[in-house]
């Protein structure tokens, strides 16, 4: 009788071990699939003409931010973007993509102003200026908004002739349309829209964003957390 009970106990242990192994294997495959899905979408996130606010050696970890220039969310989260750039300076490539929406009629115009400034090396400066001063031009008529953007271009000492040409260029509109299409492919509908190494991050706090970047940095170095 004792030998029979021992035999049953052995069967239970074996069955349990097999179950654990199967679950672990499935989780491993699911995790791998998630990473592959993220890295496979990088072609839609970082185009050759995408603006980089900061580059890291090798570009192994990337942070992509889709911005609606007239969205209060994008404006409110500007300090977050600056803080991340400071915290991860030299270790992460930060990329900004445009995502103007129909609910914000001046957003596309603001994106064109940022692109036009970018032609003269002042993409960052115009981006930050427009987001910081958003309340002064959001909801205004097109002529007022464009005049405001042009004053900002003057304050940044841009060549206004070159600025106007770039602002009105079909190539500028096409660049922004391309950003929108890539965002839509990635499921972007509203702000915020953050991606770390191709994976969408839906943070509730600053630490959520920072931790997501830390995870990617450690993974690239094949080190456990924390690896700073």
ask   = Restricting to segment 42-114, what percent of DSSP beta bridges are antiparallel, rounded to 5?
value = 35
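Would you please report the Å³ per residue occupied by the convex hull of the alpha carbon atoms in segment 42-220? Show your work: numbers first, answer last.
Values: hull volume 20.0 nm³, N = 179.
Taking only Cα atoms, segment 42-220 has a hull volume of 111 Å³ per residue.
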query = Based on the Cβ-Cβ distance from residue 157 to residue 181, what FRET efficiency comes out when R0 is 35 Å, to the nearest 0.05?
reply = 0.55
message = Rg and Dmax in Å for segment 129-209, alpha carbons only: what are they?
response = 16.4, 44
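Since every read-out is calculated from the coordinates, none of them should be taken as a lab result. Predicted, not measured: the structure shown is a model, and the values here were computed from it. We place every Cβ from the backbone using ideal geometry, glycine too, and count neighbours over all the protein chains shown.
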